[in-house]
1. Convex hull volume of the Cα atoms in region 188-296, per residue, in Å³?
2. At 1.4 Å probe radius, can you tell me the per residue accessible area of the chain in Å²?
3. Excluding ligands and nucleic acids, what accessible area in Å² is computed for residue 206 using a 1.4 Å probe, to the nearest 10?
4. Counting only protein heavy atoms, what percent of the accessible surface of region 326-378 is carbon or sulfur at a 1.4 Å probe?
5. Could you work out the Rg to Rh ratio of region 326-384, with Rh taken as the Kirkwood radius (inverse of the mean 1/r over all Cα pairs)?
6. Semi-axes of region 83-132's equivalent ellipsoid from the Cα gyration tensor, sqrt of 5 times each eigenvalue, largest first, rounded to whole Å?
7. At 7 Å along the Cα-to-beta-carbon direction for both residue 279 and residue 320, put a label point, then send me their distance in nm to one decimal.
8. For the ranges 260-273, 97-110, 331-344, 79-92, what's the packing order if you count other beta-carbon atoms within 10 Å of each residue, average per peptide, and put the highest first?
Amino acid sequence: MTRNAELKKAVCAEIDRRAAEITAISEEVLRHPETGWRESETAHRVRRWFDGLGLAHEDGLALTGVKARMRGRTSRRSVAVLGELDALLVDGHPYADPTTTAAHACGHNAQIASMIGAGYGLAPVMDRLDGDVVLFAVPAEECIEVDWRLRRREAGDFEFIVGKPELIRIGAFDDVDMAMMTHAGPTVSAPAAAVAASANGSLVERAAFTGVAAHAGATPWAGANALKAATLAIAAIDAQRDTFDDADTVRISQILTGGEAVSAVPAHAHMELMVRAGSVTAMRDAADKVDRALRAGAFALGVDVRVETVGGYLPLSVDEPLADLLHDNCVSLFGADAVIRDSGRMGGSTDMGDLGHIMPVAHPWAASGSAAPFHGPGFFTTDHVAAAVNPAKFMAMTVVDLLCEGAERAEQVLSTSGPELSRDAYLELRRSFDTVTGGIVER
């Protein structure tokens, strides 16, 4: 048995020994969900688990992030294992907070547990690794509660509305060379693990339509209907579907509110949209078409529209060298028939894509025990071994591959993956998405 194999065997044995603790962590976070930028209690729990590992930690990074470093015998390279702190808002979820409706309908509870579990497994072998391991609980991955977040941004609490971009901005990843995390997914999509998947990037748009109120029965002709302008804009957006290249996997979703009383012509309507696509170029193209549709709806009804665009996520691309290592370790654990090497591009988004623009990243998926669609009320982790213990093993095994024997594999990944954006270049790109447009139309 090679030294590398011996270390991985020891890592897995330690994770198996502490499997009950890992599953208990996943259960505990599942039952105490908090949404992004509010994860104070979840962060407190992470600090407690880091204390149990005897690790010093940095707290309050981007409000709630918690970061600990496990030192190797040398510090040639550093690999981060991440877990996301936040939950969604899903009314009707069996584990939803009764007051806030926050719920872990995306499996972040298992991420926290697998991150801690990887730390459990690696702790006894760090003195034989030529690099450091950063365990990092990160905030606000889900892009929700946009109005509230923008108000917090205006108050100076953060610049970016999701967590990893903000952590990049403040330099919290400057001492990390590469990163990985595992997402729980529906069992039907991955018998045990799906190693590599790319994802769409996204932009958030907020459109405020302003018309003229009038009595809807007596003098409707005296009004300018903002709600009808918004619904016409939605129809114009839908009419754009044929103009999107299938390869760009464009997705546009929206929610609409408007009107104060059914007896009055609505003077105000508000639309929030998410524009997703597989490349930055396609994101910008789709957003331009959406903007035209919004202006067209406003022009047709003679109302004003103000459109604010905010960066959501950058697209996630597969880092092949890291995926190769993870795939080999997953196959060794589960067998080739239970592992999907590349599941293609998903229509959703993650801010792991942002991190992937400045360093090599991996974002495998693991079975959760649930066949329900994630982000819905039926999705929650039911098999905590599959969703948390197993990912702790294959991520820790991959860390061993990267950092043993002089961290040669880490050096190979960095050289093969090629150059990434500098932090300054990344921030310039992110900030270029944020725009406000609008004007008064003649009535």
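The values are calculated or read from the model by the stated rules, or taken from the named source; none is laboratory data. For clarity, every value in this text was computed on a predicted model and none was experimentally measured. Cβ placement follows ideal geometry from the backbone for every residue including glycine, while neighbour counts extend to all protein chains displayed. Note: areas computed on protein heavy atoms with side chains; ligands, DNA, RNA excluded. Shrake-Rupley method; radii C 1.70, N 1.55, O 1.52, S 1.80 Å.
1. 130
2. 39
3. 60
4. Its accessible area is 56 percent carbon and sulfur atoms.
5. That ratio equals 1.00.
6. After diagonalising the Cα gyration tensor, the semi-axes are 34, 8, 7 Å.
7. Distance between the two pseudo-spin positions: 1.7 nm.
8. In descending order of packing, they fall as 79-92, 97-110, 260-273, 331-344.
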